[in-house]
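Data first, discussion second: the structure below is written as structure tokens.
The values are calculated or read from the model by the stated rules, or taken from the named source; none is laboratory data. As the structure is a prediction and not an experimental result, all values here were calculated from the model. Cβ coordinates were reconstructed from backbone atoms using ideal geometry, including for glycine residues, and neighbour counts include every protein chain displayed.
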Amino acid sequence: MADALTGAVVCDASVLGSIVFTDRNRAEAQALARGRRLLAPRLLRYELAHVTVNKSARVSPEYGARILEGFAAALRLPVRLVEPDWAQVVQLARAHGLSAYDASYLQIALALRVPLATLDRRLGKVADQLGIRAAPEASA
């Protein structure tokens, strides 16, 4: 299994959302994901759908169509979806003051011993404390 995880990162919705919805953090998000095998809990798709709903509700219909295209692109990204250990998710969420959503990304990264790619400030701080935060890859 270690070979299958070489170059892997657990990538949260803040990173993928920044890439597909082209927000101000896109360059940093791309550097976190570039050339890596992406892993995430299944809830990633729900989180990206939620971002899509919120973004499309606040913009013109023309721009809303582009947001929907971004969501469709996100669903095509090669992300391996992984089931977390739910009991550990609860423990991590309580121990670090995280939502269960964020703790699920953290739990998978810890269990698989791979870095966590996130732009979320609180989750990033916990990942830093645990020594598992992904560093951006240099541009090619």
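Considering each residue of segment 65-82, count those that are more than 12 Å from the chain's Cα centre (by Cα), outside any helix (DSSP H, G or I) and surrounded by fewer than 15 Cβ atoms within 10 Å (Cβ to Cβ), and give that number.
Residues meeting the conditions: 1.
Give the residues of segment 97-109 that are buried (at least 19 other Cβ atoms within 10 Å of the Cβ), part of a helix (DSSP H, G or I) and either without any contact (Cβ under 8 Å) to a residue 24 or more places away in the chain or not aromatic (Phe, Trp, Tyr) (or both), sorted by residue number.
Once the filter is applied, which keeps residues that are buried (at least 19 other Cβ atoms within 10 Å of the Cβ), part of a helix (DSSP H, G or I) and either without any contact (Cβ under 8 Å) to a residue 24 or more places away in the chain or not aromatic (Phe, Trp, Tyr) (or both), segment 97-109 yields 102, 103, 104, 106, 107, 108, 109.
So how many residues does segment 26-51 have that are under 19 Å from residue 68 (Cα atoms) and either touching a residue at least 24 places away in the same chain (Cβ under 8 Å) or assigned to a loop (DSSP other than H, G, I, E, B) (or both)?
6
Among the candidates 128, 85, 120, single out the residue that is touching a helix residue (DSSP H, G or I) at 6+ places or on another chain (Cβ under 8 Å), farther than 14 Å from residue 14 by Cβ and either at pLDDT 95 or above or surrounded by fewer than 19 Cβ atoms within 10 Å (Cβ to Cβ) (or both).
Of 128, 85, 120, the one residue that is touching a helix residue (DSSP H, G or I) at 6+ places or on another chain (Cβ under 8 Å), farther than 14 Å from residue 14 by Cβ and either at pLDDT 95 or above or surrounded by fewer than 19 Cβ atoms within 10 Å (Cβ to Cβ) (or both) is 85.
Would you call residue 59 surrounded by fewer than 18 Cβ atoms within 10 Å (Cβ to Cβ), without any contact (Cβ under 8 Å) to a residue 24 or more places away in the chain and assigned to a loop (DSSP other than H, G, I, E, B)?
Considered against the rule, which asks whether it is surrounded by fewer than 18 Cβ atoms within 10 Å (Cβ to Cβ), without any contact (Cβ under 8 Å) to a residue 24 or more places away in the chain and assigned to a loop (DSSP other than H, G, I, E, B), residue 59 comes out as yes.
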